[in-house]
1. For residues that are closer than 24 Å to Gly531 by Cβ and within 10 Å of ligand 1 (Cβ to nearest atom), scanning just the stretch 507-521, find the one that is surrounded by the fewest Cβ atoms within 10 Å (Cβ to Cβ).
2. Looking only at the stretch 566-585, how many residues end up being surrounded by 24 or more Cβ atoms within 10 Å (Cβ to Cβ) and either at pLDDT 95 or above or in a strand (DSSP E or B) (or both)?
3. Can you tell me which residue in the stretch 138-197 is surrounded by the most Cβ atoms within 10 Å (Cβ to Cβ), limited to those that are closer than 25 Å to Gly446 by Cα and of a type in the set (Phe, Trp, Tyr)?
4. Can you name the number of the only condition in (1) outside any helix (DSSP H, G or I); (2) more than 14 Å from ligand 2 (Cβ to nearest atom); (3) in contact with a helix residue (DSSP H, G or I) (Cβ under 8 Å, 6 or more places away or on another chain); (4) open to solvent by 10 Å² or more (accessible area, probe 1.4 Å) that Arg415 fails?
5. Across the stretch 586-606, what is the total count of residues that are open to solvent by 30 Å² or more (accessible area, probe 1.4 Å) and within 16 Å of ligand 2 (Cβ to nearest atom)?
6. Would you mention how many residues in the stretch 425-461 are more than 15 Å from ligand 1 (Cβ to nearest atom), within 12 Å of the chain's Cα centre (by Cα) and closer than 18 Å to Ala78 by Cβ?
7. Of everything in the stretch 318-343 that's farther than 16 Å from Gln268 by Cα and not in a loop (DSSP other than H, G, I, E, B), which residue is farthest from the chain's Cα centre (by Cα)?
8. Kindly indicate whether any position in the stretch 398-408 is among the small types (Gly, Ala, Ser), modelled with pLDDT of 95 or more, part of a helix (DSSP H, G or I) and within 16 Å of ligand 2 (Cβ to nearest atom).
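The values are calculated or read from the model by the stated rules, or taken from the named source; none is laboratory data. Computed from a predicted model, the values in this text were never measured in an experiment. Methodologically, a virtual Cβ is constructed for each residue, glycine included, from the backbone with ideal geometry; neighbour enumeration extends over all protein chains shown. In case anyone asks, the SASA skips ligands and DNA or RNA and just uses the protein heavy atoms, side chains included. Shrake-Rupley method; radii C 1.70, N 1.55, O 1.52, S 1.80 Å.
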Amino acid sequence: MTTVRLTVGQAVVRFLAAQRSERDQTRHRLIEGCFGIFGHGNVAGLGQGLLESELAGEREGGLRYLQGRNEQAMVHAAVAFARTRNRMSTLACTSSVGPGATNMVTGAALATINRLPVLLLPGDVFATRVADPVLQQLEHPGAQDISVNDAFRPVSRFFDRIWRPEQLPSALLAAMRVLTDPAETGAVTLALPQDVQAEAYDWPAELFRQRVWHIPRTPPDPAAVARAAEVIRSARRPLIVAGGGVIYSEATKALRSFADTFGIPVGQTQAGKGTMRSDDPLCAGAIGATGTTAANELAARADVVIGIGTRWTDFTTASRTVFGQRGVRFVNINVAPPDAAKQSGEAVVGDARAALEALAVALAGWSAAPGHRARAAELAARWQATVEAAYTTRHDPRPAQAEVIGVVNDVACERDVVLCAAGSMPGDLHKLWRTRDPGGYHVEYGYSCMGYEIAGGLGAKLAAPDREVFVMVGDGSYLMMATELVTAVQEGVKLVVVCVDNHGFASIGNLSESVGTQRFGTSYRFRGPDGRLDGGFLPVDLAANAASLGVYVLRARTIEEFRRALVRARAADRTTMVYIETDPLLGAPSSEAWWDVPVAEVAGLESTRDARAAYEKAKERQRPYL
Ligand SMILES: Cc1ncc(C[n+]2csc(CCOP(=O)(O)OP(=O)(O)O)c2C)c(N)n1
Ligand SMILES: [Mg+2]
């Protein structure tokens, strides 16, 4: 057997550079690069391997190194990269031991919840334990084989720790299998003890040959398709709920054709908002707690709901209130069996595109009730008029967030991307953004993680350099994690950052008011004379902050100034922030949908008691089991 003598760190890098993914006869590099922040836990192992790879770079097609500022942000960037590439490619992230590693835990949870592949390579404590306890080592009194990296287990779809070099080949292969399995994918973590990373071993040369991971279009079981078709044939007012799985499977054309053939309108989840153009008469837009009146009214009357590539979160079902018909039935097309089985639905396990094609054959000759399509188009048109009104109200002195969204939508071109994650912006975008392209809407709402925005923008732009990326970030999210602006500047990756400053957490302020807690602790203010946080606004200058990180900054006061600045930002050749203050009290138009956030059952405050009464009333509409 031919062997190659390399350290574990060098072997990991060489192996990753040789992995490919393939679907529909198109091949991609599976791991396009590696983000890293070095410390004693990885500098001499993976760090040394990445250096050798970079130096060999052009000759051997090595693994590109990217320098991060914060380990959590590196993972966000890798996740956004994978989402932009429809899960065909991703990035690896290497960290030191201890805090560098645990900084990645939040990113891992985000990846796993959003079903997006990312490879995490945290350093770990000595396998030999000769120098224990080492810097940053957690000493568990009851178990010497536990380290902080065990925190990755519940948030990873695959976890292994490489105590000995011999364990590496099977761990690497298992890791690649999970990364490229559409049903299982998420965060994949290989913890690498720092001494093992630097250890040499004679690896079989075979380990480093190019490997292709075929991503299947798993066909559904014909019997399941027949059962689903029978349920759908019984429907008069069916509704499709399209989720992110439709986009990852590149099934948007199949969805459009299916909806059109059978006259079924489409509601969209956050991850599925790009599945159909919003000016399509069959597109009812956002569904659920942040939905449109169109989709939610269709949901209220639907007798059969066909979920495709959705995992049915509480935002999509409006906490199980949006589907109002007694006896409503579900058909779930999903590549992941647990998601296909939800809502006691008729499960069609398989690739979204393959399943839609099979179901179309089984439904031949059938269509929804006459008038259903026209009714859906009428509701969609009514919502579009609501959007137009929200885009063009002229609030003074500070504009509403909806106006800002309107201008961004207007200035953005066909293939541009809007990207966001937390605050009031995701809900407003879900309702109001006019989608044109499947990849044009990137809102991370599985984990809704403040701080994803700028890092995610970086990852999205790295994955699609030919698209303009508009990062929509609130002041709260900006303060949580803006540091990857430095990486964008360093890499010459151009972002348009729209910073919407409303001096605090407008979203949670509104939520707080609705649960009777009076916007407590949700705006950025000094302590007032009574010792409470109700004094003047904090003198934080986020525009100056961005400029200090090397970003080109344009400040806008009015919506007209904002439009002019945004046009300049789009045309600029470097990362540019457009900063605007908005009024936190002006919400987007409502669809009266509900979200279950329990209110205190007993309270001294009258505001809370009133909110509790309203909560108990709203809860009556909730169906315990859909
Ligand atoms: C990491 C993290 N911490 C806390 C939250 C809870 N949370 C959701 S939105 C929000 C406020 C966001 O503020 P900002 O970015 O200014 O947006 P705004 O609500 O003002 O639109 C908070 C605290 C979260 N989603 N993520
Ligand atoms: Mg804010």
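1. That would be Gly521.
2. 8
3. Phe152
4. (3)
5. Here the count works out to 2.
6. Residues in the stretch 425-461 being more than 15 Å from ligand 1 (Cβ to nearest atom), within 12 Å of the chain's Cα centre (by Cα) and closer than 18 Å to Ala78 by Cβ: 3 in total.
7. Arg329
8. Yes, some residue in the stretch 398-408 is among the small types (Gly, Ala, Ser), modelled with pLDDT of 95 or more, part of a helix (DSSP H, G or I) and within 16 Å of ligand 2 (Cβ to nearest atom).
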